[in-house]
């Protein structure tokens, strides 16, 4: 096992020790950070106001604000869905991954859950991906690789390589990156690990890893998981210090 995995496994106790109401509060805060940085990877910078209004379901002032708010709420709901699915131990399948995409899309989006029709990766991605006509074949091949090779690896290695391989298939025209990172985090969460929140500052390293070799994604995910554990440690410390102050009175 790679030493970095051992280090993360040792540090994970800071995340595991959060229970009950403290864990719920931490995961709520983490979800907001998750959405912010995930959008930043896609080249979209969200404001604190946009995020807060979506969380509070505040009244919208125009059509654009309405669409943004609904999109953020769908992503928040999908994060909850990942945790619920992990408790149910849902298997990774074409149907499960398509459901992730459908849940991210507007209900009126006719392309929700449907494979892309163009041969190039859209948006901020510039990857060497499989031809559109071959997506179904390579998607099944990806799942075979998951079952036969990746499923029983260390969760961090498993999640990192699965994400890399999924992004080479790039099954959907829009939101493939978001779905891929949701899938990566589902693998981690289902094995009791914290989600890997890849920060905006690590955007260059993330895209370089996607354009490199499958093992290049592993240090990116290790750093992201370690960052989440660090956030859990900071959160725990902020809860402990006031209690110590009370005890000293």
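FYI, it's all coordinate maths here, none of it is from the lab. Keep in mind that this is a model prediction, so the values were computed, not measured. Glycine also receives a Cβ, built like all others from the backbone with ideal geometry; neighbour counts cover every protein chain displayed.
Given R₀ = 41 Å, what would the calculated FRET efficiency be for residue 58 paired with residue 151, taking r from the Cβ atoms and rounding to 0.05? The computed FRET efficiency comes out at 0.45.
In the chain, the longest principal axis of the Cα atoms and the axis of helix 135-145 are about 50 degrees apart. Remark: the Cα gyration tensor places the chain in the oblate category, a/c being 1.5 or greater and a/b not exceeding b/c.
For the stretch 32-104, relative contact order (Cα pairs under 8 Å, six or more residues apart, normalised by length) works out to 28 percent.
For the chain, the longest principal axis of the C-alpha atoms and the axis of helix 176-190 are separated by about 50°. What is the spin-label model distance, in nm, from residue 234 to residue 134 if the labels are put 7 Å beyond Cα along the C-beta direction? Result for the modelled spin labels: 4.4 nm. Between residue 106 and residue 47, the contour length at 0.36 nm per residue exceeds the alpha carbon distance by 19.1 nm. Counting every other Cβ atom within 10 Å of each residue's Cβ, 45, 169 order from fewest to most as 45, 169.
When peptides 225-236, 52-63, 121-132, 153-164 are ranked by their average number of other Cβ atoms within 10 Å per residue, the highest-first order is 153-164, 225-236, 121-132, 52-63.
The length gained by stretching the chain between residue 91 and residue 173 to full extension, at 0.36 nm per residue less their Cα-Cα distance, is 27.1 nm.
Distance between the pseudo-spin-label points of residue 141 and residue 73 (7 Å out from Cα toward the beta carbon): 4.2 nm.
Judged by the ratio a/c of the largest to the smallest principal axis of the C-alpha gyration tensor, the stretch 76-180 counts as oblate, that ratio being 1.5 or greater while a/b is no larger than b/c.
Assuming a ≥ b ≥ c are the square roots of the Cα gyration tensor eigenvalues, decide whether the stretch 123-230 counts as rounded (a/c under 1.5), prolate (otherwise, with a/b larger than b/c) or oblate. It is oblate, given that a/c is not under 1.5 and a/b is not larger than b/c.
In this calculation the C-beta distance from residue 200 to residue 126 is compared with R0 = 22 Å, giving a FRET efficiency of 0.75. Name the residue, out of 238, 13, 71, whose mean-square fluctuation peaks in a Gaussian network model built on the chain with Cα pairs under 10 Å. Greatest mean-square fluctuation among the candidates belongs to 238. Sum -39500 (n - 2.57) across every DSSP H segment of at least 4 residues in the chain, then divide by the residue count to get the 222 nm mean residue ellipticity, nearest 500. Result for the chain: -21000 deg cm²/dmol, rounded to the nearest 500. With a simple spin-label model that places each label point 7 Å from the Cα along the Cα-to-Cβ direction, the separation between residue 216 and residue 191 comes to 2.2 nm.
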